[in-house]
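Undergrad: Supplied in structure tokens, the structure appears directly below.
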Amino acid sequence: MSLLNNTDLLEVIRKKAIQNRARVAIGIRDPTKKIIANAEEANDQGFAEVVLVGDEQEISSLGTDLEIVGTSEPEKVMVDLLVSGYVDAAVRGTARASNTLSYLKKTLKMEKLHRVALLTTADGTPFFIAPVGIDEGEDLADKMEFAILGSEHIRRFGIEPVIGFLSGGRMGDVGRNSRVDHTLADGEFLSNRLNEMGIKAKHYTILIEDAIKEANFIIAPDGISGNLIFRTLVFLGCGDGMGAPVLMDKYVFVDTSRVGGHYTKAIMVAGALANMNKSKG
């Protein structure tokens with residue numbers, strides 16, 4: 001059961017973003033014409049009212065009619081704008097990752113952040129994947145939390161989550177490598193536990209090519225492998241990345257990679273999630 005068998009997820013996101021037309025801030029460091037064009041495209045297509053957060057002189061020199069909030073610290077200011085309610089959602093854009101995410105955690109008093117990336121394969125099939133941060137998903141409890149929080153997040157789009165757990169080898173590889181053995185055991189345990197909880201899940205071992213045919217939420221063995229899957233697909237394999245929303249109820253923050261510089265769809269996702277958060281009350 002894939003996403004597209006349930007509904008066209010990307011069309012759902014597009015319509016929700018246009019319906020809401022939320023105010024979405026995007027962090028801008030070292031602005032380029034391409035980044036500004038992405039933001040203007042999102043604004044012009046009605047996905048959001050985009051607010052640029054960064055050095056006002058640098059951004060203005062490229063020419064734009066979008067609102068600019070001038071600052072030398074976009075990492076902090078875009079989070080402050082989000083928490084204050086000045087904007088409905090925020091996208092990291094080209095702001096520095098560690099500074100932005102650490103300030104977000106500090107401001108919201110969160111011990112850790114959970115992000116779930118939305119990708120499409122080369123043939124356009126959308127799916128979610130986690131963990132994608134190199135320091136995420138290191139233990140069984142954290143992967144369980146990703147599965148539960150990510151499933152709740154996916155249901156906001158009107159999609160029933162189908163989880164595919166990956167591990168470092170096939171079941172016949174047990175005994176060859178202790179680390180692989182550990183990931184195989186985790187995959188078996190987590191898939192069984194989630195099925196008991198009423199969440200559809202299956203352990204696909206290392207066979208990601210099989211998982212993508214049935215699952216709409218892939219959980220990698222750890223954040224390093226998840227990040228490599230994301231980068232290989234998006235930067236080498238003709239797939240597409242639409243950002244990685246942080247799993248929160250009250251606020252909407254979509255993380256992005258500074259590589260590639262395509263932010264129109266990430267702004268669209270942020271705007272759609274802001275709509276859903278409002279509808280939840």
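Undergrad: Can you find even one residue in the range 74-87 that is basic (Lys, Arg) and either more than 17 Å from Ser257 (Cα to Cα) or free of Cβ contacts under 8 Å to residues at least 24 places away in the same chain (or both)?
TA: Looking for residues that are basic (Lys, Arg) and either more than 17 Å from Ser257 (Cα to Cα) or free of Cβ contacts under 8 Å to residues at least 24 places away in the same chain (or both), one finds at least one in the range 74-87, hence yes.
Undergrad: Can you name every residue in the range 53-63 that is small (Gly, Ala, Ser) and either part of a loop (DSSP other than H, G, I, E, B) or more than 22 Å from Val269 (Cβ to Cβ) (or both)?
TA: Matches in the range 53-63: Ser60, Ser61, Gly63.
Undergrad: Here's a follow-up. Every residue in the range 136-156 that is surrounded by fewer than 14 Cβ atoms within 10 Å (Cβ to Cβ) and free of Cβ contacts under 8 Å to residues at least 40 places away in the same chain, please.
TA: Once the filter is applied, which keeps residues that are surrounded by fewer than 14 Cβ atoms within 10 Å (Cβ to Cβ) and free of Cβ contacts under 8 Å to residues at least 40 places away in the same chain, the range 136-156 yields Asp139, Ala141, Arg155.
Undergrad: Part of a helix (DSSP H, G or I) and surrounded by 22 or more Cβ atoms within 10 Å (Cβ to Cβ): which single residue out of Ile229, Ile267 fits that description?
TA: Only one candidate passes the filter, namely Ile267.
Undergrad: Could you please let me know if Glu214 is more than 28 Å from Ala272 (Cβ to Cβ) and surrounded by fewer than 19 Cβ atoms within 10 Å (Cβ to Cβ)?
TA: Spelling it out, it is not the case that Glu214 is more than 28 Å from Ala272 (Cβ to Cβ) and surrounded by fewer than 19 Cβ atoms within 10 Å (Cβ to Cβ).
Undergrad: Ok, one more. For Gly93, are the conditions met, namely being in the same structural domain as Val234 (by TED's automatic domain parsing) and not hydrophobic (A, V, I, L, M, F, W, C)?
TA: Against the criterion (in the same structural domain as Val234 (by TED's automatic domain parsing) and not hydrophobic (A, V, I, L, M, F, W, C)), Gly93 does not qualify.
Undergrad: Further, regarding this structure: Does the range 242-262 hold any residues that are over 22 Å from Thr107 (Cβ atoms) and at pLDDT 90 or above, and which are they?
TA: Correct list: Met242 only.
Undergrad: OK, next. Name the pairs whose Cβ atoms lie under 8 Å apart, with the first residue in the range 184-200 and in the same structural domain as Gly169 (by TED's automatic domain parsing) and outside any helix (DSSP H, G or I), the second surrounded by fewer than 21 Cβ atoms within 10 Å (Cβ to Cβ) and of a type in the set (D, E, K, R), and 6 or more positions between them or separate chains?
TA: Pairs that qualify, where the first residue is in the same structural domain as Gly169 (by TED's automatic domain parsing) and outside any helix (DSSP H, G or I) and the partner is surrounded by fewer than 21 Cβ atoms within 10 Å (Cβ to Cβ) and of a type in the set (D, E, K, R), are Lys200/Glu160.
Undergrad: Of all residues in the range 102-112, which are more than 15 Å from Val53 (Cβ to Cβ), modelled with pLDDT of 95 or more and among the aliphatic types (A, V, I, L, M)?
TA: Matches in the range 102-112: Leu108 only.
Undergrad: Okay, moving on. Just checking, does the range 80-92 include any residue being over 25 Å from Glu11 (Cα atoms) and among the basic types (Lys, Arg)?
TA: Within the range 80-92, not a single residue is over 25 Å from Glu11 (Cα atoms) and among the basic types (Lys, Arg).
Undergrad: Out of the residues in the range 18-36 meeting the condition of being part of a loop (DSSP other than H, G, I, E, B) and surrounded by fewer than 17 Cβ atoms within 10 Å (Cβ to Cβ), tell me which one is nearest to the chain's Cα centre (by Cα).
TA: Within the range 18-36, the match that is nearest to the chain's Cα centre (by Cα) is Arg21.
Undergrad: Go through the range 37-52 and give me each residue that's assigned to a helix (DSSP H, G or I) and farther than 17 Å from Val87 by Cα.
TA: Once the filter is applied, which keeps residues that are assigned to a helix (DSSP H, G or I) and farther than 17 Å from Val87 by Cα, the range 37-52 yields Ala37, Asn38, Glu41, Asp44.
Undergrad: Residues in the range 192-201: is at least one surrounded by 15 or more Cβ atoms within 10 Å (Cβ to Cβ), farther than 15 Å from Val162 by Cβ and more than 22 Å from the chain's Cα centre (by Cα)?
TA: Within the range 192-201, not a single residue is surrounded by 15 or more Cβ atoms within 10 Å (Cβ to Cβ), farther than 15 Å from Val162 by Cβ and more than 22 Å from the chain's Cα centre (by Cα).
Condition check ((1) surrounded by fewer than 19 Cβ atoms within 10 Å (Cβ to Cβ); (2) closer than 30 Å to Asp222 by Cα) across all residues:
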position	(1), (2)
Val69	no, no
Gly85	yes, no
Arg92	no, yes
Ser98	yes, yes
Glu111	yes, yes
Thr121	yes, yes
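Undergrad: Further question: For the structure I just gave you, tell me whether Val53 is farther than 22 Å from Leu10 by Cβ, of a type in the set (Val, Ile, Thr) and in contact (Cβ under 8 Å) with a residue 60 or more places away in the chain.
TA: no
The values are calculated or read from the model by the stated rules, or taken from the named source; none is laboratory data. Everything numeric in this text was worked out from a predicted model, so none of it was measured. Cβ coordinates were reconstructed from backbone atoms using ideal geometry, including for glycine residues, and neighbour counts include every protein chain displayed.
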